[in-house]
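The values are calculated or read from the model by the stated rules, or taken from the named source; none is laboratory data. Nothing here was measured: the structure is a model prediction, and the numbers come from that model. So basically every Cβ, Gly included, is an ideal-geometry build from the backbone, and we count neighbours across all protein chains shown.
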Amino acid sequence: MKFAHVLTCFAIALGLCNAASAETARVPVVAAENFYGDVIRQLGGDRVQVTSILSNPDEDPHLFEASPKTARALQHAALVVYNGADYDPWMDKLLAASKSNDKRTVIVAAKLVGKKSGDNPHLWYDPATMPAVAQAVSAYLASADPLHKSDYDARLATFLASLKPIDATVAQLKARYKGVPVTATEPVFGYMADAIGFEMRNQRFQLASMNDTEPSPADIAAFEKDLRERRVHVLIYNSQATGALTKRLLSVAQDAHVPSISVTETLPAKKTYQQWMQSQLDALAGALQGWQR
């Protein structure tokens, strides 16, 4: 009787242990870009284990090459989130090459917001993108872990509310600066510039830079003329891709007293997605402060 009692107690204890393990098990997630990874952490808390592939704000994302380590992370992921629209084409190749996993869910931001190959791929600067991604991720988490659905719902509501100050800043900038001519070295900030209502100049130059082709001499001359004659009120540049030509344009802008602001393609260290977007909008507002209609 004593031995049977011990076995029963052991079985109960083992059951409790398994329940505890299930309670603390974290959903393995791979995000191609760290700003999506940050949002997923906000939505999942300590119930998700997130691996972000592009995470170094000091490196040019266009130069990234996938490694065996990246492929291994994907093998164990229950959820994969990436940008799409040809921004991270290596993800399609890695997913196609990885072992079949019927339980793996893939969320592509471009598909959620109706963007495709050939469109500006810097979708995280579009105010419509992150709410769509957040809702899709939260729906997945609630489905995969229904026991904690109420927590995921609450986290989603908190995240969406946290975007309202960013939307308010965009609205304020639009009310004051809609139609103001600006320029940029690349279309990284393009969707946000559209949301504000800027007149964006030198777009052929920007596309050439984004596609790693040489801008034409005529386009370079037009860009420099805009700066020298102060036909634009701010220069927006990608600080993760500052080649010789970008440095030259920054120098021209400085000589002409045209303010410049830095934007990045990767989330800086120790910042949330919201802090990142807000800080860049605040820098833009500061650069435009002296402009008079």
Next item on the list: Just give me the residues in the range 89-117 being modelled with pLDDT of 85 or more, assigned to a loop (DSSP other than H, G, I, E, B) and surrounded by 14 or more Cβ atoms within 10 Å (Cβ to Cβ), in sequence order.
Entry: 104, 113, 115
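Please list, ordered by residue number, the helices (runs of 4 or more DSSP H) wholly in the range 140-221 having 2 or more residues that are free of Cβ contacts under 8 Å to residues at least 24 places away in the same chain and exposed (fewer than 15 other Cβ atoms within 10 Å of the Cβ).
Counting at least 2 such residues, we get 149-162, 164-177, 203-210.
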Checklist line | the range 269-293, residues that are over 16 Å from residue 233 (Cα atoms), of a type outside the set (Lys, Arg) and modelled with pLDDT under 95 | finding: 269
Item checked: Residue that is nearest to the chain's Cα centre (by Cα), among those in the range 225-238 that are on the phi < 0 side of the Ramachandran plot and surrounded by fewer than 17 Cβ atoms within 10 Å (Cβ to Cβ) -> 231
Next item on the list: Collect the residues in the range 241-265 that are of a type outside the set (Val, Ile, Thr), buried (at least 16 other Cβ atoms within 10 Å of the Cβ), touching a strand residue (DSSP E or B) at 6+ places or on another chain (Cβ under 9 Å) and in contact (Cβ under 8 Å) with a residue 24 or more places away in the chain, keeping them in residue-number order.
Entry: 249, 253, 259, 260, 265
Next item on the list: State all residues of the range 221-270 that are more than 21 Å from residue 193 (Cα to Cα) and either assigned by TED's automatic domain parsing to the domain that holds residue 53 or among the hydrophobic types (A, V, I, L, M, F, W, C) (or both); if no residue qualifies, say none.
Entry: 221, 244, 245, 252, 256, 269
Note to self: Looking at the range 222-266 only, could you name the residues that are in a helix (DSSP H, G or I) and either among the hydrophobic types (A, V, I, L, M, F, W, C) or within 30 Å of residue 33 (Cα to Cα) (or both)?
What the structure shows: 222, 223, 227, 244, 245, 246, 247, 248, 249, 250, 252, 253
